[in-house]
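The block underneath contains the structure these notes are about, expressed in structure tokens.
The values are calculated or read from the model by the stated rules, or taken from the named source; none is laboratory data. Note that the coordinates shown come from a computational prediction; the quantities given were computed from them, not determined experimentally. We place every Cβ from the backbone using ideal geometry, glycine too, and count neighbours over all the protein chains shown. Surface accessibility is based on the protein's heavy atoms, side chains included, excluding ligands, DNA and RNA. Shrake-Rupley method; radii C 1.70, N 1.55, O 1.52, S 1.80 Å.
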Amino acid sequence: MAKAKKKKNEKMEAETPLEEGVVENAEETADSDVQDPEETLEFWKDKCLRAQADNQNMRRRMMDDTEERVRMRLEALLNDLIRVADYMEAALGSIPEGVKNADQADAFLAGMSAIQQALEAVMLGHGMLFLAPSADTEFNPEEHEAVDNVVDESLEKPQLELLSRGYRMGKRILRPAKVKIVGPAGPDVPEKGE
């Protein structure tokens, strides 16, 4: 029975004429599918190089984003430590004379000073710099915040009086140093009573 079906299929194929256009189109399609191997190689080399460049750019962006997040978290931590350092400095500066002169005050004051020094060492270890201008330092609005202007005609040029030190991390100012400007009356400094 299988032989009869096979003969019948062969007979039908022989009776069905093939169109010449279909055969020619198939040959043209086969010829157009075959491309120059060098062009194919250059195409895939280009694709590979572009993919590698995209991959490198993505890695660089991810590393930059990671560094930025770490820097922001570190700045937040250091800003919190700045508050602690301010409290420590205020506490050490406001110890009454009676406590300083007490019998065992030396050990207490040495312990408090050691804590302050350790805190400052931690801050310095993480890249923080202290902004504490001296009296003869020129006022810099990027690093200093003028809290008060005091006229003193006995001075030839303005001087800074440090009220609270500032902090810098790299190029970024975390908090400017708070200063009082003491100096002769100038065009920008109004005299008291005006």
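In a fully extended conformation the segment linking S154 and E97 would gain 17.3 nm over its present Cα-Cα distance, using 0.36 nm per residue.
A crude spin-label estimate for the pair T40 and V122, with each label 7 Å from Cα along the Cβ direction, gives 6.6 nm.
Over all other residues within a Cβ to Cβ distance under 15 Å of R61, the charged ones net out to -2, with Lys and Arg as +1 and Asp and Glu as -1. The solvent-accessible area of V99, taken with every protein chain present and a 1.4 Å probe, is close to 70 Å².
Summing charges over neighbours of M169, with a neighbour being any other residue whose Cβ is under 9 Å away from its Cβ, gives +3 when K and R count +1 and D and E count -1.
Per residue, region 57-194 exposes 69 Å² of accessible surface when a 1.4 Å probe is rolled over the protein heavy atoms with every protein chain present.
Rounded to 0.05, the FRET efficiency of the Q104 and F130 pair, given R0 = 30 Å and the Cβ-Cβ distance, is 0.45. Our note on the geometry: Cα centres of region 165-183 and region 78-111, 22 Å apart. At an R0 of 25 angstrom, the distance between the Cβ atoms of K180 and D80 translates into a FRET efficiency of 0.40. Using the Cβ-Cβ distance between R172 and S113 with R0 = 30 Å, the FRET efficiency computed as 1/(1 + (r/R0)^6) comes to roughly 0.55.
Take every pair of alpha-carbon atoms less than 8 Å apart whose residues are at least six positions apart; their mean separation over the length of region 70-163 yields a relative contact order of 26 percent. Split the accessible area of region 90-194 by element, probe 1.4 Å, and carbon with sulfur accounts for 52%. Solvent-accessible surface (1.4 Å probe) assigned to K47 amounts to roughly 100 Å². Take the alpha carbon gyration tensor of region 64-194, find the square roots of its eigenvalues, order them as a ≥ b ≥ c, and report rounded if a/c is under 1.5; if not, report prolate when a/b exceeds b/c, else oblate. Since a/c reaches 1.5 but b/c is at least a/b, the shape of region 64-194 is classed as oblate.
Annotation: V147 carries an accessible surface of approximately 80 Å², with a 1.4 Å probe and no ligand, DNA or RNA atoms counted.
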